[in-house]
Amino acid sequence: MDKLQHDYPWTKAPLVSCGPMRLIALSKLTSEVSKAGGLGFIGAGSDCSTLASELESFEKLQTESQVLAAVKDVLPVGVGFLLWAGEKLLKEALPILEKYRPAALWLFAPSHPDQLVQWTKETRRVTQGKTKVWIQIGTVADALEITQSCQPDVLVVQGNDAGGHGLEKCAGLVSLLPEVDDALSALCAEQEIKKPTLVAAGGITEGRGAAAALTLGASGVVMGTRYLASPEANIAKGYRDAVLKASDGGVTTERGKLYDTLRGTTDWPLRYGGRGVLNETHYDAAKGMSVEENKRLYEDAMKMGDEGWGEKARLTTYAGTGVGLVKEVKSAAAITEEVRRGAIAVLKRTSTHTWT
Ligand SMILES: Cc1cc2nc3c(=O)[nH]c(=O)nc-3n(C[C@H](O)[C@H](O)[C@H](O)COP(=O)(O)O)c2cc1C
């Protein structure tokens with residue numbers, strides 16, 4: 001049996017996951033992903049204040065599915081944290097993790113590598129190892145260092161195409177994933193440690209991308225951008241429409257710190273930036289508009305409701321280069337099932353092809 005299906009027995013292979021998008025991936029979205037045989041991650045981010053109530057509401061939604069209701073040992077959902085938030089976040093998170101025992105913990109963006117060690121150790125302690133540890137990385141060096149220091153159950157290999165925050169300097173999945181895979185195989189054989197399962201994130205929106213990631217060495221995939229176009233994602237209609245409208249994401253999205261600066265979310269470690277769809281905020285900054293003026297216009301745009309988003313508007317529209325493939329709103333369950341089945345169909349098709 002696949003390791004992921006062993007650890008998350010309600011899931012179907014290949015695993016399709018929803019990334020822990022802060023304020024967006026909540027109980028409504030994640031329960032639909034898990035019900036469809038995937039693993040949804042609630043985005044707690046840097047703040048635990050609503051986490052217990054989200055997990056409480058997940059527990060209620062879980063009972064709507066026979067398969068999920070049968071899971072007793074853990075809550076069939078994951079929770080993601082942004083570690084730069086520091087010691088206070090860990091202190092607040094631990095009693096919640098102990099009480100609800102989510103199936104997986106997702107760690108991202110530490111300001112110091114020791115934070116990963118501490119979170120991993122403490123979570124395994126309070127949940128008696130029931131909550132599996134997933135760590136999102138974007139370089140070969142981080143994959144090696146973190147595997148040695150934390151021995152995570154899963155490494156989420158995030159390529160440069162990913163929406164939202166990621167490393168400013170980072171390769172795309174096609175080169176990153178196989179290099180991480182090879183380097184980890186060598187390290188784990190040499191040091192006789194368990195090799196973490198690899199899951200791919202960044203630019204995957206449908207079956208072909210998922211199949212490619214599996215071919216590169218992943219056992220499952222994570223998507224963020226694709227789920228923005230689901231009714232269960234907690235975003236404004238204007239944001240969703242801007243994602244649906246965008247195409248050619250290599251040109252129309254960019255990673256950077258401008259929106260963090262304007263929104264005051266400046267605690268991110270220096271090496272991270274957010275990828276989003278470009279709009280007037282970006283174009284004006286490029287033309288030399290001052291931060292103060294841009295901030296003022298941004299605050300005005302926040303009062304415009306759905307009109308605040310779009311190429312000719314100003315609000316943050318985090319999304320990955322895969323936006324151009326997101327053309328339809330579908331339920332999170334349908335997306336999960338479609339991507340899984342799509343990947344299987346592509347892999348079957350290519351394996352029966354007669355190569356000469
Ligand atoms: C709107 C948005 C918000 C995100 N927020 C978080 C977050 O709070 N924590 C995190 O670890 N990753 C976050 N991510 C990254 C995802 O976990 C995942 O790595 C990424 O979405 C995968 O790339 P894709 O968007 O191309 O599917 C976010 C992504 C998006 C699009």
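If the only charges are +1 at each Lys and Arg Cβ and -1 at each Asp and Glu Cβ, what is the size of the charge dipole of the range 1-156 around the Cα centre, to the nearest 20 debye?
Values: 16 positive and 17 negative charges, 57 e Å.
Using Cβ point charges on Lys, Arg, Asp and Glu, the range 1-156 gives about 280 debye.
For a paramagnetic label modelled at 7 Å from the Cα of K330 toward its Cβ, which residues of the range 179-213 fall within the zone defined by backbone nitrogen distances under 11 Å?
Counting only backbone N, you get 205-208.
What's the center-to-center distance, using Cα atoms, between the range 107-128 and the range 284-356 in Å?
30 Å
Taking only Cα atoms, what is the 0 to 90° angle, nearest 10, from helix 87-100's long axis to the longest principal axis of the chain?
The two axes meet at around 50 degrees.
Based on the Cβ-Cβ distance of M289 and E145, what FRET efficiency does E = 1/(1 + (r/R0)^6) give at R0 = 51 Å, to the nearest 0.05? If you can, show how the numbers build up before the last one.
Values: r = 40 Å, r/R0 = 0.78.
Once the sixth-power term is evaluated, E becomes 0.80.
For the range 135-149, take each phi angle, set θ = phi - 60°, evaluate the Karplus expression 6.51 cos²θ - 1.76 cosθ + 1.60, and give the result in whole Hz per residue in order, putting x for glycine and proline.
Result, rounded to whole Hz: 10, 8, 10, x, 9, 5, 4, 5, 4, 5, 5, 6, 5, 6, 7.
Could you please put D161, D267 in sequence from largest to smallest accessible area, using a 1.4 Å probe?
Values: D161 55, D267 105 Å².
Of D161, D267, the descending order of accessible area is D267, D161.
Using only the Cα atoms, work out Rg/Rh for the range 237-323, with Rh taken as the Kirkwood radius, to two decimals. Write out the running numbers ahead of the final one.
Working: Rg = 12.2 Å, Rh = 13.0 Å.
Here the Rg-to-Rh quotient is 0.94.
What's the FRET efficiency of K257 with E59 using the Cβ-Cβ distance as r and R₀ = 22 Å, to the nearest 0.05? If you can, show how the numbers build up before the last one.
Working: r = 38 Å, r/R0 = 1.71.
Taking R0 as 22 Å, the efficiency between K257 and E59 is 0.05.
Can you sort T123, T197 by solvent-accessible area, 1.4 Å probe, largest first? Show your work: numbers first, answer last.
On the way: T123 0, T197 20 Å².
Ranking T123, T197 by accessible area, largest first, yields T197, T123.
Roughly how much of S49 is accessible, in Å² to the nearest 10, using a 1.4 Å probe?
Counting only protein heavy atoms, S49 exposes about 90 Å² to solvent.
How large is ³J(HN,Hα), in whole Hz, for each residue of the range 2-18 in order, when computed from phi with the Karplus curve 6.51 cos²θ - 1.76 cosθ + 1.60 and θ = phi - 60°, using x for Gly and Pro?
So the Karplus estimates, Gly and Pro as x, are 4, 4, 5, 6, 5, 6, 10, x, 7, 8, 10, 8, x, 5, 10, 10, 9 Hz.
What spacing in nm lies between the two simple spin-label points modelled at L297 and E92, each 7 Å away from Cα in the Cβ direction?
3.4 nm
Using only the C-alpha atoms of the range 3-235, find the volume of their convex hull and express it per residue in Å³.
On the way: hull volume 25.6 nm³, N = 233.
Cα convex hull per residue, to the nearest whole number: 110 Å³.
Considering only C-alpha atoms, what is the centroid distance from the range 27-58 to the range 182-228, in Å?
Between the Cα centres of the range 27-58 and the range 182-228 lies a distance of 22 Å.
I'd like the accessible area for R314, computed on protein heavy atoms only with a 1.4 Å probe and all protein chains in place. Round to 10 Å², please.
30 Å²
Which order, highest average first, do 287-293, 54-60 follow once you tally other Cβ atoms within 10 Å for each residue and take the mean per peptide?
Working: 287-293: 9.9, 54-60: 17.1.
The densest-packed peptide leads the list: 54-60, 287-293.
Give me, ordered by chain and number, the residues 5 or more places off E232 or on other chains with an amide H under 5 Å from its own placed amide H.
A332
Test of understanding: what is the full-extension gain from K195 to L23, defined as 0.36 nm times their sequence separation minus their Cα-Cα distance? Spell out each step's value before the answer.
Working: separation 172, 0.36 × 172 = 61.92 nm, distance 3.20 nm.
Between K195 and L23, full extension yields 58.7 nm more.
Restricting to bridges with both residues inside the chain, how much of the DSSP beta-bridge set is antiparallel, in percent to the nearest 5? Walk me through the intermediate numbers first.
On the way: 9 of 42 bridges.
In the chain, approximately 20 percent of DSSP beta bridges are antiparallel ones.
According to the square roots a ≥ b ≥ c of the eigenvalues of the Cα gyration tensor, what is the shape class of the range 97-183, taking rounded for a/c under 1.5, prolate for a/b larger than b/c otherwise, and oblate for the remainder? Don't skip to the end; give the middle numbers.
Values: a/c = 2.08, a/b = 1.87, b/c = 1.11.
Judged from the Cα gyration tensor, the range 97-183 comes out prolate (a/c at least 1.5, a/b above b/c).
H353 to A52: extension gain in nm, 0.36 nm per residue of separation minus the Cα-Cα distance? If you can, show how the numbers build up before the last one.
Values: separation 301, 0.36 × 301 = 108.36 nm, distance 4.98 nm.
Full-extension gain reported as 103.4 nm.
Order R275, R349, R263, most accessible first, counting only protein heavy atoms with a 1.4 angstrom probe. Kindly include the intermediate steps, with their values, before the conclusion.
Working: R275 20, R349 150, R263 105 Å².
I get R349, R263, R275, largest accessible area first.
Could you pull out every residue, at least 5 positions away or on a different chain, whose amide H is within less than 5 Å of the one on S219? Hs are placed 1.01 Å off N in the peptide plane, and Pro or chain starts have none.
Hits under the 5 Å cutoff: L198, V199, A200.
Per DSSP H run of at least 4 residues, take -39500 (n - 2.57); add these up for the chain, divide by its residues and hand me the 222 nm value, nearest 500 deg cm²/dmol. Please report the intermediate quantities before stating the final value.
Details: 16 runs with 160 residues, N = 356.
Computed mean residue ellipticity for the chain: -13000 deg cm²/dmol.
The values are calculated or read from the model by the stated rules, or taken from the named source; none is laboratory data. Everything quoted here is computed from the prediction, not taken from an experiment. Quick reminder, even Gly has a Cβ in these numbers, built from the backbone with ideal geometry, and neighbours come from all protein chains shown. We work out accessible area using only protein heavy atoms, side chains counted, and drop any ligands, DNA or RNA first. Shrake-Rupley method; radii C 1.70, N 1.55, O 1.52, S 1.80 Å.
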